[in-house]
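Notes for the one structure printed next.
Rule-based calculations on the coordinates, nothing more; no lab input. The model shown is predicted, which means the values in this text are computed figures rather than measured ones. Counting neighbours? That spans all protein chains shown, and the Cβs are built from the backbone with ideal geometry, glycine included.
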Amino acid sequence: MDNEKLSSLIRDVPDFPKPGISYKDITTLLKEPSALKSAIGAMVKPFLNDKIELVVGIESRGFILGAPIAIELGWGFVPMRKPGKLPAEKLSQEYDLEYGSDSIEIHADAISAGQKVLLVDDVLATGGTLAASCQLLDKLEAEIVGISVLAELGFLQGRKKLPDCRFETVIDY
């Protein structure tokens, strides 16, 4: 399935989560088995020849996309979660959203220094969540091989907030 078809399966939800925001809802793509399979394939393809050890998925849609990538390639999976969801010792990083602020957490023992990781999320908007995730991975001394997202809202220029590392997207709005 080509990227244009995948893009057509993502719906816009106006004024969510607040007025003026047009939310890219991927649930309409996820319910189509062939589209989900194509999206996963397209997200992982650029990294097939890299020696990655772990996929780090950002809550919550990064879990949906990251776990199958990890399974497909025989890599481990590490969740990055919203506050208060992880039971053991954790590290936390605050960040700004286009509609507020939040923080993200990871278990302190989730990644060993030098482990090669692929960071996965559904959409890059303003870059706050992914930038905070990269900061957490840096604290753990992980080697970020790349970042893979299903869709990028390029007009918001979120990529500028990310560290200088490989970034791949399937759909660019």
Matching residues, region 27-77, being within 15 Å of the chain's Cα centre (by Cα), part of a loop (DSSP other than H, G, I, E, B) and touching a residue at least 24 places away in the same chain (Cβ under 8 Å):
59
Look at residue 137 and say whether it is surrounded by 20 or more Cβ atoms within 10 Å (Cβ to Cβ), in a helix (DSSP H, G or I), on the phi < 0 side of the Ramachandran plot and touching a residue at least 60 places away in the same chain (Cβ under 8 Å).
yes
Region 85-97, residues that are farther than 18 Å from residue 134 by Cβ and touching a residue at least 12 places away in the same chain (Cβ under 8 Å)
85, 86, 88, 89
Residue selected from region 105-128 under the condition more than 20 Å from residue 149 (Cβ to Cβ) and among the small types (Gly, Ala, Ser), by the criterion surrounded by the fewest Cβ atoms within 10 Å (Cβ to Cβ):
113
Determine the pairs where a residue that is farther than 22 Å from residue 32 by Cβ, located within region 2-19, has a partner that is of a type in the set (Val, Ile, Thr) and surrounded by 12 or more Cβ atoms within 10 Å (Cβ to Cβ) with Cβ atoms under 7 Å apart, the partner being 6 or more residues away or on another chain.
15/21
Selection from region 140-161 of residues among the small types (Gly, Ala, Ser), in contact with a helix residue (DSSP H, G or I) (Cβ under 8 Å, 6 or more places away or on another chain) and surrounded by fewer than 21 Cβ atoms within 10 Å (Cβ to Cβ) yields 146
Identify, from the list 122, 96, the residue that is part of a strand (DSSP E or B), over 19 Å from residue 49 (Cα atoms), out of contact with any Asp or Glu (no Cβ under 9 Å at 6 or more places or on another chain) and not small (Gly, Ala, Ser).
122
